[in-house]
Amino acid sequence: MTAPSRRAFLRGTALTAGLAGTGVLGSCATPITSVGAESSLQYWNFFAGGDGLRMIGLVDAFRAEHPEIDVTATTLAWGSPYYTKLAMAAAGGRPPDVASMHLSRLPTFAEHLLEPFDLDELAELGITEADFPAPLWQKATVNGELFAVPLDSHPFVLFYNTEICDAAGLLGPDGKLNPINSPQELIEFGRRCAEVTGGNGIAYAAADAFVNWMMFWTLYSQNGGTLELPPGGTAQFDREKMIEVLTFMQEFTDGEVVSQTADAAGAIAVFGSGQAGILLTGEWEVSTFLTTGTPFSMQEFPQLYGTDAVRGDGHSFVLPRQRDLDEESRRNAYLFVASALKNSLSWGEGGHIPAYGPVSESQEYLALTPQSNYREAADKIAFDPDAYFSGSGSSLMGQAGQILAALHLQSITPDEAVDQLEAWLNKQLATPSPV
Amino acid sequence: MATLAPSRATSGRRPSRSSDPRGPKAPLGMRALMVTGLVVVSLLWLAPLLWALDTSLKPEAETTAVPPQWIPESGFTLDAYRSVLGSDDLITWFVNSTVVAIAVTVLTVTVSALAAYGFSRTSFRGKNFLLALTVAGIMVPPQILIVPLYKQLIVMGMVDTYWGIILPQLVAPAMVFILKKFFDGVPKELEEAARVDGAGTFRIFWQIIMPLSRSIIAAVAIFVFIGAWNNFLWPLIVTSDPNLMTLPVGLVTVQSTFGIRYAQVMASAILAGLPLIIVFMLFQRQIIKGVATTGLGGQ
Amino acid sequence: MATTTTTSTVSPGPARPLDGRVPKNSLTTNRGGFWFVLPFLVVYALFTIIPVLYGLGMSFFDVSLAGRPAQFVGLDNYAELLGDSQVWRTLGHTLLFTVMSTVPLVLVALGMALLVQSGVRGQWLWRFSFFAPFLLPVATVVLIWQWLFQNDLGFINNTLAQWGLPTVGWLTDPNMALLSTVIITVWWTVGFNFLLYLSALQAIPESIYEAAAIDGAGPFRRLVSMTLPLLNRTTGLVIILQVLASLKVFDQIYILWAGGTGGPEGAAAPILQYVYDSGFVNYRLGYASAISYFFFLLIIAVSLGQLWLTNRRSANRKGQ
């Protein structure tokens, strides 16, 4: 209780002093974050719920390691509100010292709003390229410089209810789900589960833009499809492969074995209460089912087409560009990043695959099941296409999600879905890019 | 409250009696209808506030009871307020809001009153042009300026500073106009007498005009304060640093890590609204008069 | 305002030879006037005039929040916005909201004022309940209504369910989004218009009613044939102020749907939200400026109407 009121008081006093004085307008009203000789660190993130609690754990661990550093951790709303505020703060010149960022959002920011990491300084703290899965490090590198240090990768995965799948005869002698090797097999697995539950076979949030986009991008990538989005040009993609995938997705949500309208909360509730044998969603739901006590396990999203890939993204740390760089705070940011990576076993408990090799290869992590079952997905991550309007929580995800929801509802054909997506993409590409 | 109520009740009834001819003579049925109307509409208008207050006083677990209960089974509690006030953020935002609103009010009233006096009672070259320019400013909604103003404040190094929040809110051409109209109506003999006594222009303004204008100044100050305390868009744009946010912006921007807790959300919402509500309870007549005069452009 | 004149005959008093002051101290020419106006002019220039011009300039460049250097693009931004369906869609929402909110905000306010003015006891309470919401910060208002409107646990849907009525997707149904915004806005701001009406009602001299009462006019007749016509000018002013306020809707919608979506499928997104989205979410500050100016034109048109009405009002006053 004393700390907050003291800080609030000091802030108030400083403000009054600032108002009373005249002089330089800008400088007199800097917020008080460091008092006296303490050095400080401002950290922004967007983690709520279980991730939020685990992130607080990481911050607290850092505080314990470095009691001399006054850490202020701020949580803003996930998605575009967060990235809007972060961009505005960086453009305004007084951003936080370190911030969380999805790797898929990095290209837009890296150009003008972030500072690259100093590889030597990272190496001193025991962080080198060799410690990370190649796709993550590549994605974190822009124009040959490292702009983000990956904390995790978080792929689309498959949850299964062990009791239901066992009753449906879908488990092997090792208790694991039998391999699913084609789209039709996935549908068949769903049918078998539905026979056991008497209702849904597979829980899947067809109406949720995040989930249906993960599904689409996974399948399209597995089918060997690519999507190029050159600014000023037109979207380049493989129409045939896309149609093939969309046709399957539409067939998949038949309205009986798989709902056509479930939203995210609905799909989770259905699986959590044992009304579906399989759930397709992001790995971060693992905490939910550990809490509900659902008998379940997890695995990588199966390879249904020719290429082994899965839609994923990575959380990372970045250094927003400062108008007046405080060397000490910058140094603290490096220390914090290193500390978070090294303590990321607890982060992995929440389902995310730790990016840092010494953690993801440790015995403790390997012993962590079902969270480590799908760790190999980290090497197969298919990131969202590169464009300023793409990435987690972006307008591409929102727009494509609406089209895919309509597709699942059977209200548009795969052809129409492709046309709509193409038209929207081309419109975005035709409007001048801000990057 | 109890001690203040009687005097206010009488003062409140006075205007009604003065225009009462409809009152006593209205048929009984009509009166009953009016009372019913008033009670129903008041309840409708108070219910959201009461429900918010009620929720904020419940234990968290009972906020989501279905069907909703006004009285929680385990009794009322101040837990939500305790945890909300225990957080660093809310207190910071409260301080920010208070300081910003007071600074905006004091500075706006000062700057506007000076300008209004200049426009009303002095003459200088270009006065008419500048007055016209000021009146034209009434038509410029601050909302359309957010983009250029934000960019401009980046250049000025004022993004994420208190001055950045305060200064753009000082421009109130409508208030200048209202004050000017009032000053225009102040008899000139008073000034003349003071001038004979050797008072300078500023002294006349400060010692003659300002005391005479207390009511309109109060009205303008009330209006400006309400606007500044509740302003949302500009502080949202100009602050990204949670330590600098005002209450309305902080409340909706910064997330609680612990998910939605309705009792706590309602407790912070109520705390953010409480100061003006209390002030209104104490000074209802003044505030109503102030808002009504200012709202109608000083008529 | 009745005091406006009266002194003009005295003021040009030829001279005050007694104290031998220099005549330039004459009353109409107080010295140093410019210095009084200067502080206001400085803030006005810095935070209104310059941004107005700067914004106009920006609208001809592709200024980016992401920091890429800006280039002159001529009228491209304006050409683009005319063909941008989202501009028209959000403008449509804005205009629809303005109509949907102005009507109840004027009528309910008038009804409240007439009820309160009727003199029923408990004036303090009536005024408090109608005006108090106006004093709440928009964040408080929206947080309260989000909770009331909550789909499964909210007070309103639960009450509807208890009465055996179907529940409503207040915040989740695209068809409800604007209506929910209107309900919140009416609850929040009607108190302001109520006060304007109340003070106009109180300004009506009671002698008028007394005369009518002698003529035997019933209360309803008096309302329709006397009170309402006397309120005409107030109503005109209230409508214009309300239209201007409603056109600028942004805050409650931004907060209601957590900072960005503008409602389910963007069904309530107003044009200011599109300015915000274009400029700050999608980093296109230049384009956002162009949309702002497009919107500004509309506001100016309505404002000119307001000025005209205000002037006519004071002209009439002087005529009386």
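The values are calculated or read from the model by the stated rules, or taken from the named source; none is laboratory data. Just so you know, these numbers come straight off a predicted model, no measurement behind them. All Cβ positions, glycine included, derive from the backbone under ideal geometry; neighbour counts span all protein chains shown.
Of all residues in segment B:72-93, those satisfying the criterion of being more than 10 Å from every other protein chain (Cβ to nearest Cβ) and either surrounded by 11 or more Cβ atoms within 10 Å (Cβ to Cβ) or within 30 Å of residue B:249 (Cβ to Cβ) (or both) are B:72, B:76, B:77, B:78, B:79, B:80, B:81, B:82, B:83, B:84. Residues considered: A:22, A:33, A:75. Of these, the only one that is within 12 Å of chain B (Cβ to nearest Cβ), in a strand (DSSP E or B) and at pLDDT below 90 is A:75.
Of the residues making up segment C:146-160, those that are in a helix (DSSP H, G or I), without any contact (Cβ under 8 Å) to a residue 40 or more places away in the chain and either in contact with a strand residue (DSSP E or B) (Cβ under 8 Å, 6 or more places away or on another chain) or not aromatic (Phe, Trp, Tyr) (or both) are C:148, C:156, C:157, C:158, C:159, C:160. Which of the following residues is over 30 Å from residue A:74 (Cα atoms) and either crowded, with 17+ Cβ neighbours inside 10 Å or hydrophobic (A, V, I, L, M, F, W, C) (or both): B:122, B:55? From the options B:122, B:55, the qualifying one is B:122. Pull up segment C:267-285, narrow it to residues that are farther than 17 Å from residue A:396 by Cα and in contact with a Pro (Cβ under 9 Å, 6 or more places away or on another chain), then point me to the one that is farthest from the other protein chains (Cβ to nearest Cβ). My answer is C:268. Residue by residue through segment B:197-224, note down the ones that are closer than 25 Å to residue B:100 by Cβ and among the basic types (Lys, Arg). Within segment B:197-224, just B:214 meets the criteria. Selection of segment A:281-301 for residues being out of contact with any Ser or Thr (no Cβ under 9 Å at 6 or more places or on another chain) and touching a residue at least 24 places away in the same chain (Cβ under 8 Å) yields A:281, A:282, A:283, A:284, A:285, A:286, A:287, A:289, A:299, A:300. Filtered by the rule that a residue be under 20 Å from the mean Cα position of the chain (by Cα) and away from chain C (no Cβ under 14 Å), segment A:78-100 gives A:98, A:99, A:100. Considering segment B:162-206, the residues that are buried (at least 21 other Cβ atoms within 10 Å of the Cβ) and among the small types (Gly, Ala, Ser) include one that is nearest to residue B:116 (Cα to Cα), namely B:172. Taking the criterion of being within 12 Å of another protein chain (Cβ to nearest Cβ), over 17 Å from residue A:287 (Cβ atoms) and touching a residue at least 60 places away in the same chain (Cβ under 8 Å), the residues of segment A:41-58 that qualify are A:42, A:43. Going residue by residue through segment C:115-122, is there one that turns out to be out of contact with any Pro (no Cβ under 9 Å at 6 or more places or on another chain), in a helix (DSSP H, G or I), farther than 30 Å from residue C:288 by Cβ and within 12 Å of another protein chain (Cβ to nearest Cβ)? Yes.
In segment C:66-94, the residue that is farthest from the other protein chains (Cβ to nearest Cβ) out of those that are part of a helix (DSSP H, G or I) and without any contact (Cβ under 8 Å) to a residue 60 or more places away in the chain is C:92.
To keep it simple, each residue is scored yes or no on (1) out of contact with any Phe, Trp or Tyr (no Cβ under 9 Å at 6 or more places or on another chain); (2) surrounded by fewer than 23 Cβ atoms within 10 Å (Cβ to Cβ); (3) more than 30 Å from residue A:111 (Cβ to Cβ).
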residue: A:242; (1), (2), (3): no, yes, no
residue: A:248; (1), (2), (3): yes, yes, yes
residue: A:264; (1), (2), (3): no, yes, yes
residue: A:306; (1), (2), (3): yes, yes, yes
residue: A:317; (1), (2), (3): no, no, no
residue: A:320; (1), (2), (3): no, no, no
residue: A:326; (1), (2), (3): yes, yes, no
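Taking the condition within 9 Å of chain C (Cβ to nearest Cβ), at positive phi and free of Cβ contacts under 8 Å to residues at least 40 places away in the same chain, does residue B:118 pass? Against the criterion (within 9 Å of chain C (Cβ to nearest Cβ), at positive phi and free of Cβ contacts under 8 Å to residues at least 40 places away in the same chain), residue B:118 does not qualify. Restricted to helices (runs of 4 or more DSSP H) entirely inside segment A:118-200, those with at least 3 residues that are over 19 Å from the mean Cα position of the chain (by Cα) are A:119-124, A:162-167, A:183-197.
Being surrounded by fewer than 20 Cβ atoms within 10 Å (Cβ to Cβ) and either closer than 27 Å to residue C:71 by Cα or at pLDDT 95 or above (or both) is the requirement here; does residue A:434 meet it? Considered against the rule, which asks whether it is surrounded by fewer than 20 Cβ atoms within 10 Å (Cβ to Cβ) and either closer than 27 Å to residue C:71 by Cα or at pLDDT 95 or above (or both), residue A:434 comes out as no. Looking only at segment B:282-296, which residues are touching a residue at least 24 places away in the same chain (Cβ under 8 Å), more than 7 Å from chain C (Cβ to nearest Cβ) and not charged (D, E, K, R)? B:282, B:286, B:287, B:290, B:293, B:294, listed by residue number.
Output the residues belonging to segment B:132-143 that are more than 22 Å from the chain's Cα centre (by Cα) and buried (at least 19 other Cβ atoms within 10 Å of the Cβ). Residue satisfying the conditions is B:134 alone.
If you take the residues in segment C:161-199 that are free of Cβ contacts under 8 Å to residues at least 40 places away in the same chain and under 25 Å from the mean Cα position of the chain (by Cα), which one is nearest to residue C:228 (Cα to Cα)? Restricting to residues being free of Cβ contacts under 8 Å to residues at least 40 places away in the same chain and under 25 Å from the mean Cα position of the chain (by Cα), the top hit is C:199.
I'd like to check something: does segment C:286-304 contain any residue that is more than 20 Å from the chain's Cα centre (by Cα), closer than 15 Å to residue A:84 by Cα and either within 14 Å of chain A (Cβ to nearest Cβ) or aliphatic (A, V, I, L, M) (or both)? Yes, segment C:286-304 contains at least one residue that is more than 20 Å from the chain's Cα centre (by Cα), closer than 15 Å to residue A:84 by Cα and either within 14 Å of chain A (Cβ to nearest Cβ) or aliphatic (A, V, I, L, M) (or both).
Against the test of being hydrophobic (A, V, I, L, M, F, W, C), within 30 Å of residue B:186 (Cα to Cα) and assigned to a loop (DSSP other than H, G, I, E, B), the options B:158, B:139 yield a single qualifying residue, B:139. Scanning segment B:150-157 for any residue that is in contact with a strand residue (DSSP E or B) (Cβ under 9 Å, 6 or more places away or on another chain), buried (at least 21 other Cβ atoms within 10 Å of the Cβ) and modelled with pLDDT of 90 or more turns up nothing. The residues of segment B:47-67 that are at the interface with chain C (Cβ under 7 Å from one of its Cβ atoms), modelled with pLDDT under 90 and either within 16 Å of residue B:265 (Cβ to Cβ) or touching a Cys at 6+ places or on another chain (Cβ under 8 Å) (or both) amount to a single one, B:64.
Exactly one residue among B:190, B:167 is at the interface with another protein chain (Cβ under 8 Å from one of its Cβ atoms) and not in a loop (DSSP other than H, G, I, E, B), and that residue is B:167. For segment C:234-266, the set of residues classified as surrounded by fewer than 21 Cβ atoms within 10 Å (Cβ to Cβ), under 15 Å from residue C:194 (Cα atoms) and not aliphatic (A, V, I, L, M) consists of C:235, C:236, listed by residue number.
Just for segment C:161-198: of the residues that are in a loop (DSSP other than H, G, I, E, B) and more than 14 Å from chain B (Cβ to nearest Cβ), which one is surrounded by the fewest Cβ atoms within 10 Å (Cβ to Cβ)? Among those that are in a loop (DSSP other than H, G, I, E, B) and more than 14 Å from chain B (Cβ to nearest Cβ), it is C:166.
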